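This report concerns only the one structure given below.
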Amino acid sequence: QVQLVESGGGLVQPGGSLRLSCAGSGSIFSMYNMRWYRQAPGKQRELVASIESSGITRYSDSVKGRFTISRDDIKNTLYLQMNSLKPEDTAVYYCVRMQGSSGYWGPGTQVTISS
């Protein structure tokens, strides 16, 4: 059974940083494409970043240059380093292990950017 649990969210001032983690069981992250999505209140879910099994990373234009997705294959943990945070980054962030066109989702972690 695949289980994902995100952590690291919280309240941060604009310009600050957070690192999100996603710990998994029942699945070896390095074998799959992994993604971070986010959803803000009243908005559609947005793909923020992805990392392929090959290690190739991609980012949405809204976070490019500020966020970094990475993976620790020994710890089987996915990360999202978020720098220069903006109020519009406020959302629930989800870790997803892709399986074809769908995937396994974690419960999410709240990130709030506010002064």
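The values are calculated or read from the model by the stated rules, or taken from the named source; none is laboratory data. It should be emphasised that the depicted structure is a prediction, and the values quoted were computed from it without experimental measurement. Ideal geometry is used to build each Cβ from the backbone, glycine not excepted, and the neighbour counts take in all protein chains shown. Side chains included, ligands, DNA and RNA excluded: accessible areas come from the protein's heavy atoms. Shrake-Rupley method; radii C 1.70, N 1.55, O 1.52, S 1.80 Å.
Count the DSSP beta bridges whose two residues both fall in the chain, then state the antiparallel fraction as a percent rounded to the nearest 5.
Once the DSSP bridges in the chain are tallied, antiparallel ones form about 95 percent.
At a 1.4 Å probe, what is the % contribution of carbon and sulfur to the accessible area of the chain?
Whole-percent figure for carbon plus sulfur exposure: 47.
Roughly speaking, what is the stretch gain from residue 2 to residue 54, that is 0.36 nm per residue apart minus the C-alpha to C-alpha distance, in nm to one decimal?
Full extension from residue 2 to residue 54 adds 16.6 nm.
Counting heavy atoms of the protein chains only and a 1.4 Å probe, report the per residue accessible area for the chain as a whole number of Å².
53 Å²
Please give the net charge around residue 88, taking every other residue with its beta carbon less than 11 angstrom from that of residue 88, where Lys and Arg add +1 and Asp and Glu add -1.
In short, +1.
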